[in-house]
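The block underneath contains the structure these notes are about, expressed in structure tokens.
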Amino acid sequence: MRGVVRTLAVGALVTGAAAAGVGSASALGLQPLPGGVQVDLSHDETMFVKNNNIGLAATQLPHPSAESFGVTLQAVSDKASEYPAGRVSFTMFGPFDQLSGTMAAFEQ
């Protein structure tokens, strides 16, 4: 059950943003991992995150990792947006109150 809650929490902001402004949210990839989740954004979703400062908005969420996550999400979406097919992917592991993970910007 914790995995489902964590998956929903991690993907909710980005999924909502994608559904609201990028067309189909079906491109958003949420993949359960042992003890965590991987989130893969399409190029359009990455551009939406960048253009609407979703990372900066995430810094205000009531979670101990929110500031670090939001600043990093904004930075990698800014970098990925420099490429015609750039996109963002991130993983999150651990209990909801002690999340850790990685984030990357891809050229394609």
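Since every read-out is calculated from the coordinates, none of them should be taken as a lab result. Model, not experiment: these values are computed from the prediction. Glycine also receives a Cβ, built like all others from the backbone with ideal geometry; neighbour counts cover every protein chain displayed.
Overview of results
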| item | result |
| --- | --- |
| GluC sites (Glu not before Pro) lying in DSSP loop within the stretch 22-108, provided at most 12 other Cβ fall within 10 Å | GLU82, GLU107 |
| Debye log10 I(q)/I(0) for the stretch 32-108, one point scatterer per Cα, at q = 0.27 Å⁻¹ | -1.22 |
